[in-house]
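Asks: This is the structure I want to talk about, given as structure tokens.
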Amino acid sequence: MPLSEKSNATVPHTGSYRRIAGPYMLAIAIVAIGAILAVLNPRFLAPANLINVIRQISINGILAIGVTYVLLTGGVDLSLGSVAALAGIFAAGLAHPGAMPLVAAVFAGVIAGSGCGLVNGIVVTRGRVPSFIATLGMMTAARGFALVVSDGRPVTDLSAAFAQIAGGDWLGIPNPVLILGAVAAVSHVFLRHIWAGRHIYAVGGNENAARASGIDVDRVKVFAYVVCGAAAGLGGVVLASRITAGQPNAAIGYELDAIAAAVIGGTSLSGGVGTVPGTLLGALLIGEINNGLDLLNVSSYYQQITKGLIIVGAVCAQQRARK
Amino acid sequence: MNPTKRRGNFAFILVAAVLGAALLTCCRPAPKQTAGAPPAHPIVIGVSLLNLSSEFIVMLDQAMEAKASELGVKLIVADAQRDAARQVQQAENFIAQGVDIIILNPCEVDGSSPAVEKALAAGIPVVNVNSETRATPTAFVGSHDEESGKIAMNYIAQRLHGQGNVVMIQGFLGQAAQIERAQGAREVLAQFPGLRLIADQTAEWDRAKAMSLMENWIQSYGSKINAVFAQNDEMGVGALHALEEAHMKDKVPVVGIDAIAEALQMVKAGRLDATVFQDARAQGSTAVETACRIVRGQPYEKQTFIPFQLVTADNIGEFTK
């Protein structure tokens, strides 16, 4: 790879305040909303419920970290939900009791997701198709593929071991949370401290400058889509385990929750700005609202209005803080 | 953002929307046939289905195909993918193709009505199957969704001896099935003053969403919850998983609707307490039969209601083979 140490100099350091202010404000917002929820229903702060919230954000968190890679390059991935469903079908297909070792099922899901990501990346870079369109196509095609593979029916009768991926826990921490933690830790270190990760910021910050400094822009972009697809695949496996079925019509609209989490977390839709901790906090805010509104038994109609307002409000507050 | 860029974005969104619509519009390969063929030709039925991603609709489709091949008639099947506007387009295409009759599995009560009106205006009869439209078709084959809500809630009332707290997981808000199933359930609740609906929320027919919702309810209500009514089996199974994980399932009966294959297995295994069987096979085959009678000018039923049936461990044998 024509990637040398000197290219690191081109990584745009877009003001440390800008990076930190977002997540900092967001953490305050999460605590403040949590305090309000706790006053209205003390059960919100019960340890069992806090674990419940973190478990519920795991799948969205995994998808959101994946899409953060693509958003950082200045692209977008709308195919996440469909790809997750497809990966779930593949994984479930190999997870019948006594059929295959567990690792084969997980591997199949992640590979299916990565494959979709690879196609996205190639269409975007080689095909010069805007990512919005390329991944919109994948969103439709992957859903269709999931329906074809499963014959329109859910894939059920899964092994107990497969159900443990999402259902089990380790020292009281639910497995999906551990998986999210691992994905987040690896991604954070990779994006902040490894040269290849910093190239992703460089490409999204200023593509021409990145190219001029010798970065293989196309390769970096394809890599981002593959990681995003792999994350969608992994999320799909966890989802299939959680609902103990591979469903062709699962995960509809998950891409929007994932993108919302990343953007709430300070990721810029025009690329080059964003962090893994920010994305995690974004996912946490969405999960906190979902959980809190259910606990308060707010009517379904008003839940939707409240969610919309809080999401836009969170981004708005961060924009003000940056000025 | 400068004005040029904004214009660029708008054009981009427009292109995206057009392309998206193009991508999403798809029919199954249709057998070719000629319009206005002589009476001896096999009957051609245009079918527009609500959504072939749903297991129930797939069953409906298979029942229709089976009946069609038995009667020697041709089906041209199109999937409206929950979009009423697409359904109306499909009806227009059927009219242009000159099919003998249309079987419509409506997406929406109002939104799909133009499909019925346009076909009737073009002299093509319409049979609505499974759900209704505001416009009156030539014939209707289906079930009263209200009845299913009543059956499910009645079962809960009996299990709880008319005393206790119930939670209801609703379908996609505003859809006919959600409105009518909720209404049926509320009518039964009104008859039992001891039954209290302590919470109801939508999980949009989705298993994962219902599971999260149930987990949240377990956190806020805990052992106060005495029974769960889910407006479809997918959500019922999601709630069941949440209750099992919280070790509460023994005390809390769960009831769903639709009798999908997985739910029947769970009733058989004693995990799910009950579901309500909506007879996709009878609906699909009766719709095709009725359509053929109309085209041949034979007498037919204007409205055929296929009854719902409660499925519990007691009668599960009739439903699983």
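The values are calculated or read from the model by the stated rules, or taken from the named source; none is laboratory data. Keep in mind that this is a model prediction, so the values were computed, not measured. Positions of Cβ are generated from backbone atoms using ideal geometry, with glycine treated the same way; all protein chains shown enter the neighbour counts.
Asks: Sort through B:ALA203, B:ALA199, B:ALA210, B:ALA190 and tell me the only one that's away from chain A (no Cβ under 12 Å) and either of a type in the set (A, V, I, L, M) or touching a Phe, Trp or Tyr at 6+ places or on another chain (Cβ under 6 Å) (or both).
Replies: Result of the check over B:ALA203, B:ALA199, B:ALA210, B:ALA190: B:ALA190.
Asks: Filter segment A:133-192 down to the residues that are among the basic types (Lys, Arg), surrounded by 14 or more Cβ atoms within 10 Å (Cβ to Cβ) and out of contact with any helix residue (DSSP H, G or I) (no Cβ under 7 Å at 6 or more places or on another chain) and list them by number. Outline the logic, then answer.
Replies: Here is the first cut: in segment A:133-192, the residues among the basic types (Lys, Arg) are A:143, A:153, A:192.
Subset that is surrounded by 14 or more Cβ atoms within 10 Å (Cβ to Cβ): A:143, A:153.
Across segment A:133-192, there are no qualifying residues.
Asks: Only one of B:GLU204, B:GLU234 is surrounded by fewer than 23 Cβ atoms within 10 Å (Cβ to Cβ) and under 19 Å from A:ILE252 (Cβ atoms); which? Don't jump to the end; show me each part of the working.
Replies: Values: B:GLU234 fails: surrounded by fewer than 23 Cβ atoms within 10 Å (Cβ to Cβ).
Selected residue: B:GLU204, the only one of B:GLU204, B:GLU234 that is surrounded by fewer than 23 Cβ atoms within 10 Å (Cβ to Cβ) and under 19 Å from A:ILE252 (Cβ atoms).
Asks: Considering (1) within 13 Å of chain A (Cβ to nearest Cβ); (2) of a type outside the set (Lys, Arg); (3) surrounded by 22 or more Cβ atoms within 10 Å (Cβ to Cβ), say which one B:ALA185 fails and leave the rest.
Replies: B:ALA185 satisfies all of (1) within 13 Å of chain A (Cβ to nearest Cβ); (2) of a type outside the set (Lys, Arg); (3) surrounded by 22 or more Cβ atoms within 10 Å (Cβ to Cβ) except (1).
Asks: Would you check which residues across segment A:185-232 are closer than 28 Å to A:SER82 by Cβ, more than 17 Å from the chain's Cα centre (by Cα) and hydroxyl-bearing (Ser, Thr, Tyr) and list them?
Replies: Of everything in segment A:185-232, just one residue is closer than 28 Å to A:SER82 by Cβ, more than 17 Å from the chain's Cα centre (by Cα) and hydroxyl-bearing (Ser, Thr, Tyr), namely A:TYR201.
Asks: Check A:ILE89, A:ILE62, A:ILE111 and return the single one that is out of contact with any strand residue (DSSP E or B) (no Cβ under 8 Å at 6 or more places or on another chain), buried (at least 21 other Cβ atoms within 10 Å of the Cβ), within 17 Å of A:GLY235 (Cα to Cα) and among the hydrophobic types (A, V, I, L, M, F, W, C).
Replies: Working: A:ILE89 fails: out of contact with any strand residue (DSSP E or B) (no Cβ under 8 Å at 6 or more places or on another chain); A:ILE111 fails: buried (at least 21 other Cβ atoms within 10 Å of the Cβ).
Residue meeting the stated conditions: A:ILE62.
Asks: Assuming B:LEU272 fulfils every condition listed in (1) closer than 22 Å to B:MET64 by Cα; (2) outside any helix (DSSP H, G or I) apart from one, which condition is it?
Replies: Single failed check for B:LEU272: (1).
Asks: If you don't mind, there's one more thing I want to ask. Within segment A:122-137, which residues are within 22 Å of A:ALA85 (Cα to Cα) and within 10 Å of another protein chain (Cβ to nearest Cβ)?
Replies: A:PHE132, A:ILE133, A:LEU136, A:GLY137
Asks: Suppose we keep only residues that are among the β-branched types (Val, Ile, Thr) and farther than 21 Å from A:VAL53 by Cβ within segment A:245-268. Which one would you say is surrounded by the fewest Cβ atoms within 10 Å (Cβ to Cβ)? Steps first, answer last, please.
Replies: Step one: list which residues in segment A:245-268 are among the β-branched types (Val, Ile, Thr), which gives A:252, A:259, A:263-264, A:267.
Checking the rest, the ones that are also farther than 21 Å from A:VAL53 by Cβ come to A:252, A:267.
Working: A:ILE252: 18, A:THR267: 27.
The extreme case among them is A:ILE252.
Asks: Which condition from (1) under 30 Å from B:MET266 (Cα atoms); (2) modelled with pLDDT under 95 is the one that A:GLY235 breaks?
Replies: Here A:GLY235 meets the rest and fails (2).
Asks: Take the conditions within 12 Å of another protein chain (Cβ to nearest Cβ) and over 19 Å from the mean Cα position of the chain (by Cα) and apply them to A:ALA99. Does it pass? Let's see the steps before the verdict.
Replies: Working: within 12 Å of another protein chain (Cβ to nearest Cβ): no; over 19 Å from the mean Cα position of the chain (by Cα): yes.
No, not satisfied.
Asks: Failed condition for A:VAL226, given (1) crowded, with 24+ Cβ neighbours inside 10 Å; (2) in contact with a Gly (Cβ under 6 Å, 6 or more places away or on another chain), with all others met?
Replies: Status for A:VAL226: all satisfied but (1).
Asks: Still on this model: Being farther than 28 Å from A:ALA92 by Cβ, within 13 Å of another protein chain (Cβ to nearest Cβ) and hydrophobic (A, V, I, L, M, F, W, C) is the filter here; which residues of segment A:243-294 pass it?
Replies: Residues satisfying the conditions are A:LEU269, A:ILE289, A:LEU293.
Asks: Give segment B:93-131 a look and list any residue that's of a type in the set (Val, Ile, Thr), touching a residue at least 60 places away in the same chain (Cβ under 8 Å) and not in a loop (DSSP other than H, G, I, E, B), or say none.
Replies: Correct list: B:ILE101, B:ILE103, B:VAL127, B:VAL129.
Asks: Further question: Here are some conditions: (1) within 11 Å of chain A (Cβ to nearest Cβ); (2) buried (at least 16 other Cβ atoms within 10 Å of the Cβ); (3) of a type outside the set (S, T, N, Q). B:VAL228 meets all but one. Which one does it not meet?
Replies: Exception for B:VAL228: condition (1).
Asks: Quick one: which of A:GLY271, A:GLY292 is assigned to a loop (DSSP other than H, G, I, E, B) and surrounded by 20 or more Cβ atoms within 10 Å (Cβ to Cβ)?
Replies: Going through A:GLY271, A:GLY292 in turn, just one is assigned to a loop (DSSP other than H, G, I, E, B) and surrounded by 20 or more Cβ atoms within 10 Å (Cβ to Cβ): A:GLY271.
Asks: From the list A:ALA35, A:ALA64, A:ALA29, which residue is more than 25 Å from A:ALA182 (Cβ to Cβ), in contact (Cβ under 8 Å) with a residue 12 or more places away in the chain and assigned to a helix (DSSP H, G or I)?
Replies: Numbers: A:ALA35 fails: in contact (Cβ under 8 Å) with a residue 12 or more places away in the chain; A:ALA64 fails: more than 25 Å from A:ALA182 (Cβ to Cβ).
Being more than 25 Å from A:ALA182 (Cβ to Cβ), in contact (Cβ under 8 Å) with a residue 12 or more places away in the chain and assigned to a helix (DSSP H, G or I) holds for just one of A:ALA35, A:ALA64, A:ALA29, which is A:ALA29.
Asks: Every residue in segment A:26-54 that is of a type in the set (Val, Ile, Thr), closer than 16 Å to A:LYS307 by Cβ and within 14 Å of chain B (Cβ to nearest Cβ), please.
Replies: A:VAL53
Asks: Further question: Got at least one residue in segment B:251-258 being surrounded by fewer than 24 Cβ atoms within 10 Å (Cβ to Cβ), assigned to a helix (DSSP H, G or I) and of a type outside the set (Lys, Arg)?
Replies: no
Asks: Those residues that are surrounded by fewer than 24 Cβ atoms within 10 Å (Cβ to Cβ) and among the aliphatic types (A, V, I, L, M), I need them from segment B:212-225; list them, please.
Replies: Listed by number, the residues that qualify are B:ILE218, B:ILE225.
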